[in-house]
Amino acid sequence: MKERVLITGASGFVGFHLIAEALKNNLEVYAAVRKSSQIEHLKDLDIQFTYPDFNDVSSLKKELKEKQYDYIIHAAGITKARSPKEYEDINAGYTHNLALAVVESGIKLKKLVLISSLAALGPLKSLNGIITENTLPCPVTAYGKSKLLAEDNLKAFSSLNYTILRPTGVYGPRDRDIFIFFKQLAKGIEPYIGNIQQKFSFIYVTDLARAAISALYAGNQKTYNLSDGNIYDRYELGNMTKEVLNLKTIKFHLPVNFVKLIASISQKYSSLRNKASALNVEKLNELMAVNWSCDIELAKTDLGFYPEYNLKTGIPETLKWYKSNKWL
């Protein structure tokens with residue numbers, strides 16, 4: 001009999017790849033989605049859909065008792081919001097409610113894996129050094145703070161067996177965030193903010209999905225930072241993309257104050273439409289951070305996590321998908 005896993009945030013970019021990896025590992029998959037979610041891309045997969053209300057602990061308890069999940073991978077959350085409270089309510093609040101429902105339902109859950117973010121720790125302020133699991137958390141955005149609070153909310157349930165994963169910048173087929181940069185490059189435009197040295201890290205989405213499945217069976221009550229194990233300068237993503245697409249671009253560096261002004265206008269415009277802005281003043285704290293490099297030795301040791309992709313192999317796969325699906 002197959003073991004049963006609930007994957008939250010299943011209709012999203014990471015969720016799709018978590019489902020694919022879970023199916024590959026012979027798990028019975030229940031995909032938690034909203035009634036309003038776009039799920040056409042999931043229709044042909046051998047999965048069951050479920051529609052839990054993460055604001056309602058009693059209905060979550062009913063869901064858990066009825067389905068008797070062996071595992072949960074909690075990937076539901078938001079990366080852009082209209083206010084810090086919205087980040088907190090969804091990223092941290094949903095995590096608390098789900099963990100509480102698991103404990104109060106009395107189901108024999110073997111593991112809850114939380115997909116957090118390296119933003120929960122925040123970047124280093126110097127080019128020297130590397131982010132480890134012992135780095136003192138100092139998130140620079142409301143998003144990062146909400147992810148850190150989600151982690152704390154989960155850790156508060158000491159009777160629960162959990163693993164927390166903190167991926168760095170995730171890219172791959174279906175991603176819409178880093179895709180914005182790819183789209184600019186495809187138009188021949190290569191913009192950068194300011195003129196500083198930066199260190200970045202990335203993880204290909206299928207490597208993250210593999211780590212999440214491994215975490216179902218290892219790393220009890222521990223937290224792991226995840227990247228592809230490499231450190232990149234600020235131009236490598238652009239250079240490799242240009243090479244794959246055989247592009248020539250106009251590279252330029254926008255003054256920081258000008259970008260802040262644009263971000264402020266974008267934020268105000270989105271606010272008037274009651275929408276969340278992809279570019280906002282606070283987001284610049286992450287985009288302009290000096291050092292996002294992170295150590296993954298603990299994940300290698302405990303989870304057997306050895307990334308199969310780096311930017312050189314991941315970017316061609318990603319761009320091929322964007323082109324074949326007419327995103328680029």
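Key figures for this structure:
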quantity: Length added when fully stretched, Leu45-Asn230, from 0.36 nm per residue minus Cα-Cα; calculated: 63.3 nm
quantity: Estimated vicinal HN-Hα couplings, Hz - the stretch 192-199 in sequence order (Karplus 6.51, -1.76, 1.60; Gly, Pro = x); calculated: 10, 9, x, 9, 10, 7, 9, 10
quantity: Gain in span if fully extended, Asp177 to Lys155, counting 0.36 nm per residue against the direct Cα distance; calculated: 5.0 nm
quantity: Charge tally in the Cβ shell below 12 Å around Ser11, where Lys, Arg are +1 and Asp, Glu are -1, Ser11 excluded; calculated: +3
quantity: Paramagnetic label zone (point 7 Å from Cα along Cα-to-C-beta, Ile196; backbone N under 16 Å) in the stretch 96-134; calculated: 122-129
quantity: Long pairs among Lys61/Lys283; Lys24/Lys275; Lys155/Lys300; Lys62/Lys111; Lys251/Lys323, criterion Cα-Cα beyond 26 Å; calculated: Lys61/Lys283; Lys24/Lys275
quantity: Simple spin-label estimate for Ser324 and Lys260 in nanometres, 7 Å along Cα-Cβ; calculated: 4.5
quantity: DSSP beta bridges in the chain [antiparallel fraction, %, rounded to 5]; calculated: 10
quantity: Calculated FRET efficiency for the pair Lys300/Leu247, C-beta based, R₀ 45 Å, to 0.05; calculated: 0.80
quantity: Neighbour-count order for Asp44, Asp177, fewest beta carbons within 10 angstrom listed first; calculated: Asp44, Asp177
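Coordinate-derived values only; no laboratory data. Note that this is a predicted model, so its numbers are computed, not measured. Glycine gets a Cβ as well: all are built from the backbone with ideal geometry, and neighbour counts include every protein chain shown.
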